[in-house]
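First the structure, in the form of structure tokens, and then the observations on it.
The values are calculated or read from the model by the stated rules, or taken from the named source; none is laboratory data. These figures come from a predicted structure and were not determined experimentally. Neighbour counts run over all protein chains shown; Cβ positions are idealised from the backbone, glycine included.
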């Protein structure tokens, strides 16, 4: 099993959707159990508990209600289920995944106190500022060529670089804050490549969409040479 536990804003959690799939129960049965014990579950981690809605594919306007649960909440919820072999197995894998993600967060926190990492991150911020300034020029360039949503290129370019270079399974408020020194160096190289592509494209008076395609192509070529990789801090092995 994989992807049982998610990380978002330095918090680890799972969902009722993941639990239902893992123990092979209908999701509505898991939600009924949660609703029955909702006050107890909320009291365990009131800041983590969150009800959300997920749209169903192929059913316009329909959505599924589900909950994000902390380790303590999800453990309590599963203890309310009958201990079938499937439930026991899922408990084991969920516990391993929570442990793995806690270790990942600890590794990130320790990494951020390392002087070499701090210097690499600060260096990257300078390069990123140069790239951002050039993206601003590109946004103005695209707007003049008729783009109605040119400001989106700030996030589009960042997402393009991240997707090309790394396998990303979790959500981070700022991905660069969790990269190690090697990964920071890689993303800085990608920043330089994008910067050069934007300059070249605007100097050649290319159409703004073609300039973005040029930047993407060059980053993907760099990623192909370097090799796309998973984030190192999530490559934590836990013996089961």
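Observations on the model:
- Of the numbered criteria (1) exposed (fewer than 14 other Cβ atoms within 10 Å of the Cβ); (2) at pLDDT 90 or above; (3) under 28 Å from residue 104 (Cβ atoms), the one residue 15 fails is (1).
- Of all residues in the stretch 129-146, those being in contact (Cβ under 8 Å) with a residue 12 or more places away in the chain and surrounded by fewer than 17 Cβ atoms within 10 Å (Cβ to Cβ) number 4.
- Residue 93, sole failed condition from (1) without any contact (Cβ under 8 Å) to a residue 24 or more places away in the chain; (2) in the same structural domain as residue 37 (by TED's automatic domain parsing): (1)
- Filter result (out of contact with any helix residue (DSSP H, G or I) (no Cβ under 8 Å at 6 or more places or on another chain) and surrounded by 13 or more Cβ atoms within 10 Å (Cβ to Cβ)) within the stretch 160-206: 163, 172
- When residues of the stretch 170-206 are limited to those that are modelled with pLDDT under 90 and in a loop (DSSP other than H, G, I, E, B), the one nearest to residue 109 (Cα to Cα): 178
- In the stretch 104-113, the condition of being in contact with a helix residue (DSSP H, G or I) (Cβ under 7 Å, 6 or more places away or on another chain) and within 19 Å of residue 207 (Cβ to Cβ) is met by no residue.
- Apart from one condition, residue 151 fits all of (1) on the phi < 0 side of the Ramachandran plot; (2) part of a loop (DSSP other than H, G, I, E, B); (3) without any contact (Cβ under 8 Å) to a residue 24 or more places away in the chain; the exception is (2).
- Residue match in the stretch 157-168 (condition: in a loop (DSSP other than H, G, I, E, B) and over 18 Å from residue 203 (Cα atoms)): yes
- Residue in the stretch 94-105 that is modelled with pLDDT under 90, under 20 Å from the mean Cα position of the chain (by Cα), within 30 Å of residue 179 (Cα to Cα) and in a loop (DSSP other than H, G, I, E, B) present: no
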